[in-house]
1. Has the range 175-184 got at least one residue that is basic (K, R), in a loop (DSSP other than H, G, I, E, B) and farther than 19 Å from Y88 by Cα?
2. Looking at this structure, is T86 in contact (Cβ under 8 Å) with a residue 12 or more places away in the chain, within 26 Å of A66 (Cα to Cα) and in a strand (DSSP E or B)?
3. Which numbered condition trips up G6, out of (1) at pLDDT 80 or above; (2) open to solvent by less than 40 Å² (accessible area, probe 1.4 Å); (3) over 23 Å from Y88 (Cβ atoms)?
4. Show the residue pairs that are 6+ apart or on different chains and have beta-carbon atoms under 6 Å apart, the first residue being within the range 136-155 and among the small types (G, A, S), the second being crowded, with 19+ Cβ neighbours inside 10 Å and not in a loop (DSSP other than H, G, I, E, B).
5. Which of the residues that make up the range 141-169 are modelled with pLDDT under 95, surrounded by 18 or more Cβ atoms within 10 Å (Cβ to Cβ) and of a type in the set (K, R)?
6. Suppose we filter the range 123-140 for residues that are surrounded by fewer than 17 Cβ atoms within 10 Å (Cβ to Cβ) and assigned to a helix (DSSP H, G or I); how many remain?
7. Kindly check whether there is at least one residue in the range 189-196 that is open to solvent by less than 30 Å² (accessible area, probe 1.4 Å) and not polar (S, T, N, Q).
Amino acid sequence: MTRRGGRLLAAIAFGLAVAAVAFWALTRPEPLPAAAIPTHVVDLRNGETLYHAGSCLACHKAPEGAPGSDRGLPAGGTPFPTPVGTFYPQNLTPDDETGIGRWGEVDFVNAMRLGISPRGTHYFPAFPYASYRSMTMADLLDLRAYLTSLPAVKSPSREATLPMVALARRGVGLWKRVAFRQPTFSPEPGRTPSWTRGAYLANAPGH
């Protein structure tokens, strides 16, 4: 190999290394700290309203014949096919091993508002947290309280079937930098309280 060729390869390798570091930095998950969660007295009735407004069971139902399917519980696992691959929604029951039983309040808020898992990885936006980030903190905590009041179902999660899924998951961080610049839901001036409430339910929990 000539000296010029060696320099070219070295320059390419350096450029790739810089690009990799920049990609890793730009896609780093940035979850909220536990201190960001306020003290709140939960309202289970409001949590149930939000659960139904968001049609949580529609996406998080268990496949027919699976545990919890006969009771209409959000045990997850029903395939959710998309043009880019198939997703398997999370078990939302309070099972400690396979559900959200060990999730603290900050874990739930980070998932719903920022699309970040308790393990510190990005959720794919098939989970519509871009809309859920408009929910108030009180509503998020009420929804979590309602979910944790449901019977626990053991229903192990499955990884999405996407090409290079780990890299794709990390790359969601770049998408967030664009999507999260869009404003969240805000009331329209001059609307009645009932109209505003309906718009909020449709656009935030209702995604």
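The values are calculated or read from the model by the stated rules, or taken from the named source; none is laboratory data. Computed from a predicted model, the values in this text were never measured in an experiment. Counting neighbours? That spans all protein chains shown, and the Cβs are built from the backbone with ideal geometry, glycine included. We work out accessible area using only protein heavy atoms, side chains counted, and drop any ligands, DNA or RNA first. Shrake-Rupley method; radii C 1.70, N 1.55, O 1.52, S 1.80 Å.
1. Within the range 175-184, one or more residues are basic (K, R), in a loop (DSSP other than H, G, I, E, B) and farther than 19 Å from Y88 by Cα.
2. Yes; evaluated as a whole, the condition is true for this residue.
3. Among (1) at pLDDT 80 or above; (2) open to solvent by less than 40 Å² (accessible area, probe 1.4 Å); (3) over 23 Å from Y88 (Cβ atoms), the lone unmet condition for G6 is (1).
4. From residues that are among the small types (G, A, S), the pairs are A145/G47.
5. Residue satisfying the conditions is R169 alone.
6. Selection size over the range 123-140: 2.
7. Checking the range 189-196: not a single residue is open to solvent by less than 30 Å² (accessible area, probe 1.4 Å) and not polar (S, T, N, Q).
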